[in-house]
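Worksheet: the structure to be examined is printed underneath.
The values are calculated or read from the model by the stated rules, or taken from the named source; none is laboratory data. Note that the structure is a prediction, hence the values are computed from the model and not measured. Cβ coordinates were reconstructed from backbone atoms using ideal geometry, including for glycine residues, and neighbour counts include every protein chain displayed. To get the accessible areas, we keep the full protein, side chains included, count just its heavy atoms, and leave off ligands, DNA and RNA. Shrake-Rupley method; radii C 1.70, N 1.55, O 1.52, S 1.80 Å.
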Amino acid sequence: MGRRRSFGSRLLAGLALASMSICLVLLHQLSQDGKAAIGGATNEAIERRQRHSHRYLLMAAAGSGSVPAAASAIESKQQPSPTAKETAPRNGEDNNNNNNQSSTSDAVDRRLPRLLIIGVRKGGTRALLEMLNLHRDIAMVPVEVHFFDKFDNYQRGLDWYRSQMPLSSDAQLTVEKSPSYYVTPEVPERVYAMNPHVQLVLIVRDPVTRLLSDFAQIEASRAAQNLPNRRFQDVALLPNGEVNTQNRALHVSLYAKFLSRWLHVFPRRQLHIVDGDRLIRDPWPELQKVERFLGLEHLIRRDQFYFNATKGFYCLTGTPTDVSNDNVTLATADENSHHSHHYHHKCLAGSKGRRHPQVPDEVISVLRQFFAPHNRKFFAMVGQDFDWPEQ
């Protein structure tokens, strides 16, 4: 009898110890889970502090003209914070910025640009932007924001810059263009601080042709202010016949001078050069090169352009990029012609394509000889020969 009680007592004691062991294991697991939850919350708090610290660094740096490397590194890893989530417009719907929304129907937001057209003035930046906007995966900023080249705008910070962007989907590239970015000294480092992986496009023309176009625009502005007309040769050359190197418009055509600043900050592979003269003569091949550079599907077609004899350059037919060739009706060269169905043409504003001034051949020759060594240096830097005349 005593042995049975002793065995029962030992059995009960063993069960009690087993229960205690199980309880201790459970308590330990609960403790670890609690620590993990606290750690997760702590990590989230740290990430929030990092994001707020980064915004402070960018705003503070805007006033000093430079951004710390740590700030740029954080920005390059961050995705834009969601603001206004909406349903992405389908193809054919108008969002006032781009009629060719991506076929991906994910949510849209305002995103910082992943592509900048940085210049040059009177090189064809507006034409290039409008033509690229035919692609459904491009979201175009319709105006020049001048964020990186104007101090007052840059002081407003990246949140303000983002607010100027159009709505876009994840699949789309937001594109902004401001031609003065190329020639403004502070811009390359400011762009790098926003995104060191941003893609850049530069469009250039024969420097003399670009200078003539620039002069025509300046004179149109002077005429609007009732200022007297000037002759091109009196502005471009000194009285002794030498080139007026103090002319500000002439400096924009010294492409190599400004390119060195950009290549000091960005690798060459992030910069694509568009031949502006070829874009005027035949847009489609140059746009195919841009699509390839950006890694976009080749959707822009040759039949989306027609030559307008009245204006003297190519216009857009307005046909969407996803229609078959059998359904496309091309416009004629008549400026007042009408397209069939719902298609409509789009030409650049009247301020584009101004007539160049009549200039003596000897003046053109002097300028070409002046630009020749600068052009050769530019060709070597970009690894591309544009075959601009030297006489």
> How about the stretch 106-146: which of its residues are at positive phi and surrounded by fewer than 20 Cβ atoms within 10 Å (Cβ to Cβ)?
Replying inline: His146
> Is it the case that Pro283 is closer than 27 Å to Ile364 by Cβ and within 20 Å of the chain's Cα centre (by Cα)?
Replying inline: yes
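For every residue, the table says whether it meets (1) surrounded by 13 or more Cβ atoms within 10 Å (Cβ to Cβ); (2) within 25 Å of Asp387 (Cα to Cα); (3) at pLDDT 95 or above.
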{"site": "Asp206", "(1), (2), (3)": "yes, yes, yes"}
{"site": "Thr209", "(1), (2), (3)": "yes, yes, yes"}
{"site": "Tyr255", "(1), (2), (3)": "yes, yes, yes"}
{"site": "Arg269", "(1), (2), (3)": "no, yes, yes"}
{"site": "Glu286", "(1), (2), (3)": "yes, yes, yes"}
{"site": "Phe293", "(1), (2), (3)": "yes, yes, yes"}
{"site": "Glu297", "(1), (2), (3)": "no, no, yes"}
> So Gln78 fits all but one of (1) among the polar types (S, T, N, Q); (2) surrounded by 20 or more Cβ atoms within 10 Å (Cβ to Cβ); (3) at pLDDT below 95; (4) closer than 20 Å to Asn195 by Cβ; what number is the exception?
Replying inline: (2)
> So Ser324 fits all but one of (1) modelled with pLDDT of 50 or more; (2) under 30 Å from the mean Cα position of the chain (by Cα); what number is the exception?
Replying inline: (1)
>> Based on this model, can you work out whether Phe151 counts as open to solvent by less than 10 Å² (accessible area, probe 1.4 Å) and modelled with pLDDT of 95 or more?
In response: no
>> For a quick check of your reading of the model, give me the residue pairs whose first member lies in the stretch 299-324 and is closer than 13 Å to Lys346 by Cβ, whose second is modelled with pLDDT of 70 or more and basic (Lys, Arg), with beta-carbon atoms closer than 6 Å and at least 6 apart or on different chains.
In response: Leu316/Lys346; Gly318/Lys346
> For residues in the stretch 249-280 being within 24 Å of the chain's Cα centre (by Cα), assigned to a helix (DSSP H, G or I) and without any contact (Cβ under 8 Å) to a residue 40 or more places away in the chain, which is nearest to Met381 (Cα to Cα)?
Replying inline: Arg269
> Which residues, counting only those in the stretch 228-285, are over 29 Å from Ile300 (Cα atoms), in contact with a helix residue (DSSP H, G or I) (Cβ under 7 Å, 6 or more places away or on another chain) and of a type in the set (Ser, Thr, Tyr)?
Replying inline: Ser253
> Restricting to the stretch 375-384, what's the tally of residues that are open to solvent by 50 Å² or more (accessible area, probe 1.4 Å) and either over 17 Å from Asp275 (Cβ atoms) or β-branched (Val, Ile, Thr) (or both)?
Replying inline: 1
> Can you pull out the residues in the stretch 227-248 that are assigned to a helix (DSSP H, G or I) and surrounded by fewer than 19 Cβ atoms within 10 Å (Cβ to Cβ)?
Replying inline: Gln233, Asp234, Val235, Arg248
> Based on what the data block shows, is Glu362 at pLDDT below 90, under 30 Å from Ala220 (Cβ atoms) and among the charged types (D, E, K, R)?
Replying inline: no
> Within the bounds of the stretch 330-340, is there any residue that is modelled with pLDDT of 60 or more and not small (Gly, Ala, Ser)?
Replying inline: no
